[in-house]
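What follows is one structure encoded as structure tokens, with my remarks underneath.
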Amino acid sequence: MGCVNGKCCSRYPSSTDSDSGGYGEMGSCRNATNKHILTQRSLEIVPVPSQNYELQYSVLTQRGYYPDSPDKENQDSFCIRTQIQGNPNVHFFGVFDGHGHFGTECSRFVKDRLAEILANDPTLLDDPVKAYNSAFLMTNYELHSSEIDDSMSGTTAITVLVIGDAIYVANVGDSRAVIAVKNGNRIVAENLSSDQTPFRKDEYERVKLCGARVLSVDQVEGLKDPDIQAWGDEESQGGDPPRLWVQNGMYPGTAFTRSVGDSTAEKIGVISVPEVSMVRLTPNHLFFVVASDGVFEFLSSQTVVDMSFY
């Protein structure tokens, strides 16, 4: 079903801080046993001394329910690395959703190599966006060159790099990062990434120019008119989304337009270039959640935030 990394930020207590000040209190995200409400696992804590706050995080990974494949393995991986480059203000969190026959091997390879390449990049703190782009492209190249057959397998990746009071989010695929923002009396979910699928007009047009046929399974099988290139929205069409196919074949059928691996799908426009965004943290940012589409396929961003907070 996917991996969930829930992270909440709270300022160190001091004589001048009120109970509700700083980056958000953790009381709403944990119970009396110091476990995260959603994951029911212990909270880990890492300080960010340059900004005088701490990250409290928890993680949960759970295999999805597959009635026709009760023994199907969980292909998702996660990676948490604190104090990148020995810097107490730099921390990395990522979720990697493997797919295909060798999806497990792909997600494990990518979560290790991506974090390693980032950690060894001397330009990371000077230009995180450039470092992210370089790391994804290098990881993709190394996966192609490895002993893992990624011709029809790969992984999506959603990652968050914390640098002091800024978070850099890099996304490849249809997993998602969401941040909870205090807005008056409401806690509002704001997406930190945009799912890269054919539902997006820009991604649809990009892969079409690369030679992809974009059709749902029903269209490919002749049950629906293939000339109607309109699929509604992701929420209503999640069961039969538009997918990418080669011109004269019934493969690869990816429902995403970016990934790491998937060397066959690369020929019709699937790329490993991440979309990177940056958010400067404020006291109104309470926590963020990083999860695979195994979560967001069934739950809206707001629902996930509500479940994490209340």
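The values are calculated or read from the model by the stated rules, or taken from the named source; none is laboratory data. Predicted model only: the values in this text are computed from it and were never measured. Every residue, glycine among them, receives a Cβ derived from its backbone with ideal geometry; neighbour counts consider all protein chains shown.
Output the residues belonging to the stretch 179-196 that are within 20 Å of ARG258 (Cα to Cα) and surrounded by fewer than 24 Cβ atoms within 10 Å (Cβ to Cβ). Talk me through it step by step, then tell me what you get.
In the first step, residues of the stretch 179-196 are kept if they are within 20 Å of ARG258 (Cα to Cα); the result is 191-196.
The answer is ASN191, LEU192, SER193, SER194, ASP195.
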Every listed condition ((1) touching a helix residue (DSSP H, G or I) at 6+ places or on another chain (Cβ under 9 Å); (2) farther than 30 Å from GLU54 by Cα) holds for TYR168 save (2)
Which numbered condition in (1) buried (at least 21 other Cβ atoms within 10 Å of the Cβ); (2) in contact with a helix residue (DSSP H, G or I) (Cβ under 8 Å, 6 or more places away or on another chain); (3) at pLDDT 95 or above is the only one that PHE296 fails?
(3)
Residue pairs within 6 Å by beta carbon, gap of at least six or interchain, first lying in the stretch 101-129 and in contact (Cβ under 8 Å) with a residue 12 or more places away in the chain and of a type in the set (Val, Ile, Thr), second surrounded by 15 or more Cβ atoms within 10 Å (Cβ to Cβ) and in a helix (DSSP H, G or I), listed first then second, are VAL110/THR139; ILE117/ALA135; ILE117/MET138
Every pair of residues 6+ apart whose Cβ atoms lie under 9 Å, when the first sits in the stretch 267-278 and is outside the structural domain of VAL162 (by TED's automatic domain parsing) and surrounded by 14 or more Cβ atoms within 10 Å (Cβ to Cβ) while the second is modelled with pLDDT under 95 and in a strand (DSSP E or B)
none
Criterion violated by VAL207 - all others in (1) over 23 Å from GLN83 (Cβ atoms); (2) in the same structural domain as LEU286 (by TED's automatic domain parsing); (3) touching a residue at least 60 places away in the same chain (Cβ under 8 Å) satisfied:
(2)
Checked VAL220, VAL207 against criteria (of a type in the set (A, V, I, L, M), at pLDDT 95 or above and either surrounded by 13 or more Cβ atoms within 10 Å (Cβ to Cβ) or farther than 13 Å from PHE256 by Cα (or both)); the one match is VAL207
Members of the stretch 202-217 found to be in a helix (DSSP H, G or I) and among the β-branched types (Val, Ile, Thr), listed by number
VAL207, VAL217
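Residue by residue, here is whether (1) out of contact with any Cys (no Cβ under 6 Å at 6 or more places or on another chain); (2) within 23 Å of LEU244 (Cα to Cα); (3) surrounded by fewer than 18 Cβ atoms within 10 Å (Cβ to Cβ) holds:
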{"site": "VAL90", "(1), (2), (3)": "yes, no, no"}
{"site": "GLY98", "(1), (2), (3)": "no, yes, no"}
{"site": "THR123", "(1), (2), (3)": "yes, no, yes"}
{"site": "SER146", "(1), (2), (3)": "yes, no, yes"}
{"site": "THR155", "(1), (2), (3)": "no, yes, no"}
{"site": "VAL160", "(1), (2), (3)": "yes, no, no"}
{"site": "ILE167", "(1), (2), (3)": "yes, no, no"}
Scanning the stretch 257-287 for residues that are under 30 Å from VAL246 (Cβ atoms) and small (Gly, Ala, Ser), the one nearest to the chain's Cα centre (by Cα) turns out to be SER259
Kindly provide the set of residues from the stretch 269-310 that are closer than 21 Å to CYS79 by Cβ and part of a helix (DSSP H, G or I), ordered by number.
ASP293, GLY294, VAL295, PHE296, VAL304, SER308
